[in-house]
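Shown next, in C-alpha cells, is the structure this report addresses.
Rule-based calculations on the coordinates, nothing more; no lab input. Bear in mind that the values here come from a model prediction, so they are computed numbers and not experimental data. We place every Cβ from the backbone using ideal geometry, glycine too, and count neighbours over all the protein chains shown.
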Amino acid sequence: MFLSIVIPAYNEETRLPDTLNKVGSFLGTQSYSHEVLIVNNNSSDKTEEIIKEYCARYPNMQGLFEEIPGKGAAVRCGALQAQGEYVFMCDADLSMPIEELVNFLPPKLKDVDISIASREAPGAIRYHEPYYRHFGGRMMNWLIQLFILPGLNDTQCGFKCFSKKAAKDLFKHQTLSGWSFDIELIFVARKRGYKIQEIPIPWYYHEESKVNAVRDALQILMDIQTIRRNANQGIYDPEN
C-alpha cells in the first residue's frame, strides 16, 4: 500500500463529515493504493456513529478506537497500525486543503523521511486567523526553538508525513500522549538522523479550534523537560 492517512477524532461530530467527504473524494481521483484510519479518542458525541457511516461508504476507510486520552495517543494508535509506505497525519478540521497532500509525497517530494506542514515557511498563507492566535502560536514556536528544536518554524501544525520506516521507528518510542507529541517525534527524528523538511501550505483558521495558547504553552514547557529527561535516561536510544 502506498499511503495511509491517520485522522485523530475527539468529539468531532460537526467537522468530521465534511472532512471525510473531502478526503474520500480526493483519494478517489488518485491512482495509488491508500487507506484512511480514523481514530476515535473516547468521543462522547456522535463521532463513533459518523466513523461507522463513512467506513461503510468508503471501503478504504477504517475506524479505530484509542482509550488513552490525547491527540498524541490517537495518532500513535493509527500510525502503528498503518500499512502504507507513507503515513500522513491529518487534523479532523482539515484546515489544510487535502489537495496539498501531493506536495508531501513522491514524485513531488523525494528523499525526505518526514515532511512537516508549515504555516510560516516562505510561501505559506494563513487565512482568517485572529492576530492574538497568530501571536500566541509564534510565542509557542519561539519557546520550542529556544529550548529544543531550533530552526523549525512550525512544529505544531497538524499535518505531517512520515516514511513507513520513520513512522514505525518513531511512534514506537513516543511517550507523550498530548499536544506535544509532535515535538517529541521530531526531537527523536533529529537524534536518529532522519531528513526533515518543512512544506509551506495554505492554512485556514477555524473558530472551533481546541488549542489554548496559554494552557498549551505551559504544557509544552513541561513536556520539553520530560523529553530531555527521557533522552538523558536513554529512552530514545535505538536499542530501546
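The charge dipole of the chain, taken about its Cα centre with unit charges on the Cβ of Lys, Arg, Asp and Glu (plus for the first two, minus for the last two), comes to roughly 660 debye. Other residues with beta-carbon under 11 Å from the beta-carbon of residue 202 carry, at +1 per Lys or Arg and -1 per Asp or Glu, a net charge of 0. Segment residue 31..residue 99, full-extension length gain: 23.1 nm, with 0.36 nm per residue of separation and the alpha-carbon distance subtracted. Measuring between alpha carbons in the structure, the pairs from 71/191; 52/191; 52/110; 22/165; 46/165; 52/195 lying more than 32 angstrom apart are 52/191; 52/110; 46/165; 52/195.
For region 10-102, applying the loop criterion from DSSP together with a ceiling of 13 other beta carbons within 10 Å to the chymotrypsin sites (Phe, Trp or Tyr not before Pro) yields 32. Share of pairwise Cα-Cα distances greater than 31 Å in the chain is 17 percent (whole percent). Mean sequence separation of contacting Cα pairs (under 8 Å, at least six apart), scaled by the length of region 3-232, corresponds to a relative contact order of 24 percent. Restricting the trypsin sites (Lys or Arg not before Pro) of region 87-192 to loop positions (DSSP other than H, G, I, E, B) with no more than 16 neighbouring Cβ atoms within 10 Å leaves 108, 110. Screening the chain for whole DSSP H helices with an alpha carbon extent of at least 18 angstrom along the helix axis and a mean Kyte-Doolittle hydropathy of at least -0.5 yields 131-147, 213-232. Counting 0.36 nm for each residue step from residue 205 to residue 146 and taking away their Cα separation leaves a gain of 18.7 nm.
Multiplying the residue separation of residue 175 and residue 128 by 0.36 nm and subtracting their alpha-carbon distance yields 13.5 nm.
Here's the list of aspartates and glutamates a cross-link from residue 164 could span, going by alpha-carbon distance under 17 Å and ignoring same-chain residues fewer than 8 apart: 35, 85, 111, 113, 182.
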